[in-house]
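Have a look at the structure below, then the notes.
The values are calculated or read from the model by the stated rules, or taken from the named source; none is laboratory data. The structure displayed is predicted, hence computed values, not measured ones. Reconstructed Cβ throughout: ideal geometry from the backbone, glycine too, with neighbour counts over all protein chains shown. Calculation scope for accessible area: heavy atoms of the full protein, side chains included, ligands and nucleic acids excluded. Shrake-Rupley method; radii C 1.70, N 1.55, O 1.52, S 1.80 Å.
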Amino acid sequence: MKGKTGPVAEHLRPILDAYLDSAVALVGCASKGIQRYSCEFDVLVVTGEPRPATSLELGDVSVDLSFATEDEILTPRPERAVSMAFAKPVRDASLVLSTSIAACAATLSASAEAASTARLGATLKALGRAEDALAKGSLIDADFWLLASSYEFASAYLLYKEAVPSPSHLLSQLRSFPGGSAKSFEAFAVSAGLEGASRAGCGARLEGVTVLHDILRGGAPQGGSEWPPARTAILSAKAEELVTRKELAECYSFIGMELTDGVTSLLRARPKDTLLTLTSGDGRLIGERLIRQLGLVRGDAQVRRGVAVLKESAAALSKRRWGPE
């Protein structure tokens, strides 16, 4: 992404003009000043009614655009409350954002604890699905659900540390906390399959997720909003920068989170299917080549080890008993 200099409001002028009566804020990396050159702006718009999130390109910058009603901003769910504690208003004539930010900052610890607990529950649920898939002999589904559980766990750990998880910074975030970070990082690395991180692995996974985005745009009911071409462009720009910086594990992890979102959305749209049924038989939607590109090819022993390691670390996190490094 080129040319991201100058006042934020100038970059976001089309959004400010499109939503003239709405409060607008920066959230995510840009609100905390840790964005990379390739990072998009994460923008929150306060609207009168719920709207689906989307991605778009505005000249030389890209934007991930999300929406919330005033009630959702003033009484946010825990994970949004953590994010709102670090938000930066761009326009706030009604002071709804300032009110929310002050309240969320004051209750950050409680919100982070609640959000971490919810993510930890999601970790265990995904691990249960991985174990169930192993019992049924569906290694591809077990591999995917283990991958999904790894990101839930990473988010649970970071939220416990009162940090907002940033997909393209996840590994550096996990490394940044003393006391237990080595254990959490090892659990994440094993369960996320970071041994597959290489220049070739990142390239193949990026190509696979690009194909997955095409499938979602073509078949999912929400394709027009959740999976626009700009989302693929943002993913590619970030991945390219990470590879250029030789942050291959970070890149592989980041693209892995995107594939997890994509596959989860695909399975949600086809609730009677599993990855196994989607890759075989008359209902085949995903080919073996795409599965290889996505990196969902771990063997039985690797998946079982990942499940065991992550289950142990999740139990430790639930007890808040991280030992010395």
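Carbon and sulfur atoms: what percent of the 1.4 Å accessible area of the chain do they account for?
Details: 7880 of 14460 Å².
So the carbon and sulfur contribution to the accessible surface is 54 percent.
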**OP:** Please compute the Cα-Cα pair-distance distribution of the stretch 16-83 with 10 Å bins starting at 0, giving whole percents from short to long.
**Re:** 19, 52, 26, 2
**OP:** Working from Cα positions, state the angle (0 to 90°, nearest 10) between the long axis of helix 96-106 and the longest principal axis of the chain.
**Re:** 60
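Nearest 5 is fine: what % of DSSP beta bridges in the chain come out antiparallel, could you say? Write down the numbers at each step before the final one.
Working: 12 of 19 bridges.
If we restrict to bridges inside the chain, about 65 percent are antiparallel.
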**OP:** State the answer as a single residue: which of Val309, Val211, Ala200 lies farthest towards the positive end of the charge dipole of the stretch 193-325, with beta carbon charges of +1 for Lys and Arg and -1 for Asp and Glu, about the Cα centre.
**Re:** Val309
**OP:** Using only Cα atoms, find the angle between the long axis of helix 108-135 and the longest principal axis of the chain, and express it within 0 to 90 degrees, rounded to the nearest 10.
**Re:** 30
Original post:
When N is the residue count of the chain, what does its C-alpha Rg come to as a fraction of 2.2 N^0.38 Å?
Top reply: 0.99
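Among the listed pairs Lys125/Lys311; Lys88/Lys246; Lys161/Lys319; Lys183/Lys311; Lys125/Lys319; Lys136/Lys272, which have their C-alpha atoms separated by more than 21 angstrom in this model? All intermediate terms of the calculation are to be shown ahead of the outcome.
Working: Lys125/Lys311 11 Å; Lys88/Lys246 31 Å; Lys161/Lys319 14 Å; Lys183/Lys311 12 Å; Lys125/Lys319 18 Å; Lys136/Lys272 16 Å.
The answer is Lys88/Lys246.
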Subject >> Angle between the chain longest axis and helix 229-244 axis [Cα atoms, degrees, rounded to 10] >> reply: 70
Original post:
Using only helices, what value at 222 nm comes out for the chain when you add -39,500 (n - 2.57) per DSSP H run of length 4 or more and divide by the total residues, to the nearest 500 deg cm²/dmol?
Top reply: -19000 deg cm²/dmol
**OP:** Using only the Cα atoms of the stretch 174-325, each taken as one equal point scatterer with no solvent, compute I(q) by the Debye sum, divide by I(0), and report log10 of the ratio at q = 0.08, 0.09, 0.19, 0.20 Å⁻¹.
**Re:** -0.27, -0.34, -1.22, -1.27
